[in-house]
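Before any comments, here is the structure.
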Amino acid sequence: MSEREANSRFADSSFSTGDRAASGQVRFQDPSDSGPGTASGGRDAPASEAPPAGQSPSARRPEAPAGGSVGVVGPDSREQARRVTDAGRDVEAALLTRLQQSLGQVFERATTGTLLPPAFLAALVANESGGRINASRFEQAVYGALQKVRQGQRPRYGGFIREQLQDKTPGELRALATSWGLTQIMGFNAAARGIAVGFKGESLLDPEAHLALAVRMLSEFAERFKLDLARDFAALFNTWNTGSPDGRTYDPEYVPRGLRRLALYQELARQLTAGREESGA
């Protein structure tokens with residue numbers, strides 16, 4: 001597997017909601033870097049094991065009955081499907097309600113003065129960490145690339161050149177190669193913006209500072225790719241995941257899931273506002 005593939009794929013990390021969180025990006029590469037251009041990192045799967053686009057490894061086409069015809073879906077099957085859908089929506093609503101209660105005001109403050117809606121941040125956090133403030137993930141492929149730069153075997157990576165990495169300890173290099181916090185920002189992306197990552201990503205585990213940096217990075221993406229923060233949500237999700245508005249996400253549901261969560265968060269926010277107005281709060 002190429003290094004670009006290894007760094008653009010998302011891990012199947014299970015967070016508190018049981019969702020598959022994306023952690024396969026190496027975002028905001030230096031344009032002159034020949035490596036990948038995404039924002040948080042990820043475990044890859046062997047190419048031979050990778051399912052076709054849009055199909056999970058467990059998804060299989062049902063075999064037709066011996067007579068060659070496929071059974072008709074009856075009322076019971078439709079009712080079961082409806083219940084499954086309703087249950088899934090309940091789980092999603094519970095997740096986003098929890099994020100609204102715990103981080104809603106932080107989302108508001110982080111997006112103040114920008115066109116980005118708080119709901120986008122909420123959906124991004126749901127996708128990336130399920131709301132786990134201390135979420136982290138070490139990316140071996142990124143670590144290897146940074147080591148090559150330090151050893152002079154590669155000219156640069158993520159904006160870093162050999163002279164900038166020569167004095168880094170293995171622990172510091174490991175922190176640069178780890179994705180941290182609510183939106184899984186790679187350590188080297190934070191360091192490239194003058195933020196001291198530390199050995200345990202302390203500066204990226206504070207929700208206020210982390211989300212402020214996430215908005216800053218999204219704004220940079222929007223400027224670079226001529227995106228509208230107020231409406232180009234699919235492209236923003238895709239760019240956060242792959243480094244490009246038209247990049248291919250390893251998880252084909254990453255962008256659609258983010259869009260659904262964004263809409264649901266907005267719906268919950270409207271309901272909360274209506275409830276406050278009715279109660280006179």
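Put simply, the amide H of Thr178, placed in the peptide plane, has neighbours under 5 Å in Glu139, Gly187, Phe188, leaving out anything fewer than 5 places away on its chain.
Listed by chain and number, the lysines placed with their C-alpha closer than 24 angstrom to that of Lys168 are Lys148, Lys200; residues fewer than eight positions away on the same chain are left out.
Considering every pair of different Cα atoms, what Kirkwood radius, in Å, is found for the range 104-233? Spell out each step's value before the answer.
Working: mean 1/r = 0.0651 Å⁻¹.
With all distinct Cα pairs of the range 104-233 included, I get 15.4 Å.
For the range 189-229, the orientation-averaged shadow of the C-alpha convex hull comes to 3.0 nm² (one quarter of the hull surface).
Computed on the range 129-202, with alpha-carbon pairs under 8 angstrom and 6+ residues apart, the relative contact order is 35 percent.
Where a number appears in this text, it was derived from the coordinates with a stated rule and is not lab data. Computed from a prediction, not measured in an experiment: that's the story for all the values here.
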